[in-house]
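Only one structure is covered here, and it is reproduced in the block below.
The values are calculated or read from the model by the stated rules, or taken from the named source; none is laboratory data. In this text the structure is predicted, and so the values were computed from the model without any measurement. Reconstructed Cβ throughout: ideal geometry from the backbone, glycine too, with neighbour counts over all protein chains shown. Only protein heavy atoms, including side chains, enter the accessible area calculation; ligands, DNA and RNA are left aside. Shrake-Rupley method; radii C 1.70, N 1.55, O 1.52, S 1.80 Å.
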Amino acid sequence: MSRRKLGSSTLFVFFTCIVLLRSCFLQLVRCQVGEFSPPKLQDPANLDFLTRLAYNGLDNLTSDILSSKLIQDYSFCIEDPEAEWNTAFNFSSDLSFVAACLAKTGDVTPRLCNMAEMEVYFNSLKNGWNHIKPNRNCNSTHWVAGCEPGWACSTGSDEHTDFKNIHQIPERQSDCQSCCEGFFCPYGVTCMMPCPLGSYCPLATFNPSTSMCAPYSYKPPPGNSSHTCGGANVWTDARSSDELFCTAGSYCPSSTETKPCSSGNYCPMGSTDEKRCFKLTTCDAKTETQDIHAYGIMLIAALSTLLIIIYNCSDQILTTRERRYAKSREAAAQTVREKTRARARWKAAKEAAKKHSQEFRSQFSGRFSKKNLPNSDQVKILNQTESETMSDLYPSLSPTPSQAKKTEPVHLMNMMYEIEGDSASFESFDLESREVNGKKISSKEKDIHTHSQIFKYAYAQLEKEKAQQQRNKDLTFSGVISMAMDRGPIKRPLIEISFRDLTVTLKGKHKDLLRSVTGKIRPGRITAIMGPSGAGKTTFLSALAGKAVGCTVSGMIFINGKAISIHSYRKIIGFVPQDDIVHGNLTVEENLWFSARCRLSADLRKPDKVLIVERVIDALGLQAIRGSLVGTVEKRGISGGQRKRVNVGLELVMEPSLLFLDEPTSGLDSSSSQLLLRALRREALEGVNICMVVHQPSYMLFQMFDDLILLARGGLTVYHGPVKNVEDYFSSLGIDIPDRINPPDYFIDILEGLVKTSSSSGVSYTELPVRWMLHNGYPVPSDLRKYAGPGTSPLNGDHGHEIPFSVPEERSFAGEVWQDVKCNVERQRDMIRHNFLRSTDLSNRRTPSTFVQYKYFLGRVGKQRLREAKTQAVDYLILLIAGACLGSLTEANDMNFGFGAYTYTIIAVSLLCKIAALRSFSLDKLQYWRESASGISSLAHFVSKDTVDLFNTLIKPVVYLSMFYFFSNPRSSFAYNYIVLLCLVYCVTGIGYVMAIFLEPGPSQLCSVLLPVVLTLLSTQTNGSKFVKLLADFCYPKWALEAFVIANAERYYGVWLLTRCGALLKYGYNVHHWILRLCTLILAGIICRAIAFIGMVTLQKK
């Protein structure tokens, strides 16, 4: 009989436990546990028969409880209800607290809360756990002992409790007593609920000193001595009360047992078991967290080593490659020079042998008749091969300079014989490489593939060209005819520009910058544009080049006699700006090579590209500095004159057919200017049409020009024709140049009004433009006809005044402001129209594709980043310091799941990464505008920079977390934090691109500092208005912060469920949105990059 009672009692205990777990707590809350593998129920087959019955009953009720409305209300913090139930209410390993409760009360089931009572309790948690809504058992008119904290009552014996009833609270007024150990009994509810795993719920004891029921914070009701302290009273958010939580440094295998954490383990608050400390860490007894600073130091040491290896090895590889490249080039140049010298000596010896043979023949001319020496023999002697001359004539010669060759080194003689034996060895590199599409390539040309062969080819061609130029200096008439016949056809397309009544008017102000200019610039000639300041020289050049923005261009411009856009020939037109826009962190050779690769024809072979670049370097005198960095304002590089020549060389290496230069000789000394003009003269011989603005050239430079366009103030033409005729033209007007006066300076002084014309000439400087119009039969504008009369000069010595035009009407202040706004809008519209203007390509040059240019850009940007290694190191150092400070000062708080620490992390990382991203596009805007105007791909430019910046995007989160993570020690894994921070850095980098492109450097830096702070403060407003919350939903800090908090909250389970749900409810987060927030950050980064690219293409200046 006793066994039956015992078995019945045991069955009742298990059944009661199942009902309790099933009906009471599965519906509570459910939160996500990231990488945690919840404990599984033990195999029922290993338990006795009664245990199997209990588990069967539990399984039958699971689906009903997990699908209840209560669980659905807490779905924002519960991802997998079944897993959360296992982590919070799986008591299968220890049911001793249920047995103890049965022994104390005799029956557990009547005291357990049903779903209606649990709904009352958990709804009260949303409004504050101590404000429970009055109910059937506890109200103002009816209050039993079970309504007090830590106490519970039982239902009547005749009343059946429906645990799934969510609408009706059963009546509980009988057998009120203290709550069982392992359960908690809330205030205002007469039932009890089991404490979750990770909690410690012993019976309370009265503390006389505080009159409190320790270890809880409630007091027995006053005036009732029979009402003692009960059990636990509340399970709620840890920020409100952490009485039930297992204390830090201890772990609780069950809700009625607590044990101190042993040495070598650590136990955070709410632990159910000990967690083993990592290696290389020390964990004393009763330790809450493990000290993992050593891993942070190891990580940063490994990362630093890796970065040092990458930067040093990459730099070493580049340096070694450049050294081998230079060595191969120098060896090839030395070989070619030695062969050239040997050939020159051999030719000198050959000429001496011929001369001596003639002298030898003349000595016998008186002894022998001319008949004895046939003319055919004479011709044979004079036309012998070089080897025959050496073998036949040298032994019979008297000592000549050629005999001195015997004393020279043997290798030089061998080289001479090598040249003699293979007469084509020197000419073997004389290739028509620029027309490979229409000519057959010989086998020798196909063999040119190594650096040595390529450089030998290039330098052989250069030496041949120099030799040809030397021979052309002193030619007879027959020699000139022979040179003209031997010269091959011009390989570049010819471009002739003619213009008629060209007028440029500034929009808004209606001021003429250029007026009624008519003329022509022809290929193969160098045209100089001169005039005083304000004469419209640069405006004229910009109008011809199609770069006049914010102006109205009228008149006609013809390209090769056709009225077509000059942009159709953009690929073969070079424009050298007045400012030296060159990449300062690249060498001279790297700047030239990049321009050549991207702008020369894609069909051109590499040997020919090498020849072109080497020819430009040699022509501009850049050999000595080809490997030197150009330099920037902060870092000194080459001199200003050398920088100016590099600026010109960037356009020469693309072999233009039309070349515009804006004051290329400004800042150059006389020798450098002559060197530049000689290089341009060589281009003109290739058929290039060269037009350049020149400011006060020397007389020697002035004579090197072919044509001259002389402009007066107001943009009127004073002279346009050959340079050699300009003095005669002014002499015909009675203006003679005094002795020892530079003609260009004298002309400009006259146009400035600084020098008066002679009274005998009868011409004032104001009449010169009209005289030119009359001289050429051009129509004279009506307002200038008064200057057409001979000798008329209304200004009569009033020097320094411009030609008067119509006086603009007076406007009010508001009218002027409106007019300025209108002009700015029109200017922006013209810029956008110019940037998106696409004309038919008539240049017949196929430049490299966008992908090929992307590879070139990638190499260039990579070199630039390697040379900015110190700047990158400073960025990483600042991130390290920021991570260490924030990790130490703002530890990840269990109560808010690291909300505060992650808030500061978002601000710091956003600020630092945005400022670093500004450098990618704000420092080289001018270089981009120049390259884009020449036809280089904008997409390749943008994507290459973003690709290289991806390296920093991947590394910077590791650098920051190596300090922050191991100092703050959050519960979320390092991988989760890295993924969120990676998406954040990608997003803010895109925002930095937008600010760098749309704003000037100063405002962009200010916005980079203010924007993260303002948006983060807006995103952390939990009690703001609906409008503020709506704005916060579109702020990237909220997306990142939500992802951080969710990743951390997933690691809190069991007794932490309500804390997790309370925190997520307060912040408005949802555990199901972690992937969504990461995708949103990445999408925002992509959208910002697209906006930045559109702005870069649209707002560029030309």
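Peptides 307-313, 239-245, 552-558, 514-520 ordered by packing proxy, namely the average of other Cβ atoms within 10 Å per residue, highest first: 514-520, 239-245, 552-558, 307-313. Neighbours of ARG323 by Cβ distance under 11 Å: Lys/Arg scored +1, Asp/Glu scored -1, total +2.
For the residue pairs LYS339/LYS466; LYS511/LYS822; LYS547/LYS945, alpha carbon separations beyond 19 Å are given by LYS547/LYS945. Solvent exposure of segment 623-689 amounts to 35 Å² per residue of accessible area, where only protein heavy atoms count and the probe is 1.4 Å. Dipole magnitude for segment 637-722: about 240 debye, using +1 per Lys or Arg Cβ and -1 per Asp or Glu Cβ, origin at the Cα centre.
What pairs in LYS571/LYS724; LYS537/LYS571; LYS456/LYS606; LYS520/LYS756; LYS914/LYS1038 have C-alpha atoms more than 22 Å from each other? LYS571/LYS724; LYS537/LYS571; LYS520/LYS756, as the Cα separations exceed 22 Å there. What the Cβ-Cβ distance of GLN578 and GLN316 gives, at R0 = 30 Å and to the nearest 0.05, is a FRET efficiency of 0.15.
Computed from the alpha carbon positions, the gyration tensor of segment 229-334 leads to an equivalent ellipsoid with semi-axes of 62, 15, 8 Å, biggest first. Along its first, second and third principal axes, ordered by size, segment 570-627 spans 30, 27, 21 Å in Cα coordinates. Fully extending the segment from LYS491 to ASN207, taken as 0.36 nm per residue of separation minus the present Cα-Cα distance, adds 91.7 nm. Three principal axis extents describe the C-alpha atoms of segment 507-657; from largest down they are 48, 39, 25 Å.
Computed from the C-beta positions of PHE1027 and ILE1087 and an R0 of 25 Å, the FRET efficiency is 0.60 to the nearest 0.05.
Heavy atoms of the protein only, probe of 1.4 Å, neighbouring chains included. What is the accessible area of SER357 in Å², nearest 10? Result for SER357: roughly 20 Å² accessible.
Projecting label points 7 angstrom from Cα along Cα→Cβ for ARG919 and THR141 puts them 7.8 nm apart. Annotation note: GluC sites (Glu not before Pro) in segment 614-667 located in DSSP loop regions with a Cβ neighbour count of at most 16 within 10 Å are GLU634. When only the Cβ of Lys, Arg, Asp and Glu is charged (+1, +1, -1, -1), the dipole of segment 643-690 relative to its Cα centre reaches about 200 debye. Taking amide hydrogens as placed 1.01 Å from N in the peptide plane, the amide H of TYR200 sits under 5 Å from those of PHE245, CYS246, each at least 5 positions away in sequence or on another chain. Its Cα gyration tensor gives segment 918-1056 an equivalent ellipsoid, and the semi-axes of that ellipsoid, as √(5λ) in whole Å with the largest first, are 34, 20, 12. Please say if segment 298-358 is rounded, prolate or oblate, where rounded means a/c under 1.5 for a ≥ b ≥ c the square roots of the C-alpha gyration tensor eigenvalues, and otherwise the choice is prolate for a/b larger than b/c and oblate otherwise? Prolate shape, in that a/c is at least 1.5 and a/b is the bigger ratio.
Shape annotation for segment 147-202: C-alpha extents along the principal axes are 34, 23, 18 Å, from largest to smallest. The packing ranking of peptides 535-548, 859-872, highest mean first, is 535-548, 859-872, where packing means the average number of other beta carbon atoms within 10 angstrom of each residue. A Förster radius of 41 Å combined with the Cβ-Cβ distance from LYS286 to GLU1000 puts the calculated FRET efficiency at roughly 0.10.
Compared with the direct C-alpha span, the chain from THR552 to LEU858 gains 106.2 nm at full extension, assuming 0.36 nm per residue. A convex hull fitted around the alpha carbon atoms of segment 976-1067 yields 92 Å³ per residue. As a fraction of the 1.4 Å probe accessible area of segment 992-1062, surface on carbon and sulfur atoms comes out at 70 percent.
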